[in-house]
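Data block below; observations after.
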Amino acid sequence: MKNLVRQLRKKHHMTQRQVAEAVRVTERTIISIEKEKYKPSIVLAYKLAQLFDTNIEELFCLKEFVDNEED
């Protein structure tokens, strides 16, 4: 699933390990999310959105995702 995790992580000058520790998951989970290979649970999505001071819809490009599913 397309997301802005990598961009926001870099904007906040954080490493993948720091993000993982902040939301209590493994670094591998953050890597997989950034590579769009893993869809996080709603709880993890919420924690990431809170960490980056945004909302889930924007962080995970949900409007674009829904629009593409309708095509």
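The values are calculated or read from the model by the stated rules, or taken from the named source; none is laboratory data. As the structure is a computational prediction, the values presented were derived from the model and not from experiment. Don't worry about glycine lacking a Cβ; one is built from the backbone with ideal geometry, like all the others, and counts go over all protein chains shown. Just the protein is used for accessible areas: all its heavy atoms, side chains included, with ligands, DNA and RNA removed. Shrake-Rupley method; radii C 1.70, N 1.55, O 1.52, S 1.80 Å.
In table form, for the structure just shown:
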item	result
Test set (1) open to solvent by 100 Å² or more (accessible area, probe 1.4 Å); (2) assigned to a loop (DSSP other than H, G, I, E, B); (3) polar (S, T, N, Q) - residue 7 fails condition number	(2)
Count of residues meeting criterion [hydrophobic (A, V, I, L, M, F, W, C), more than 20 Å from residue 18 (Cα to Cα) and open to solvent by 40 Å² or more (accessible area, probe 1.4 Å)] in segment 43-66	3
Residue check, residue 39 loosely packed, with under 15 Cβ neighbours inside 10 Å and within 9 Å of the chain's Cα centre (by Cα)	yes
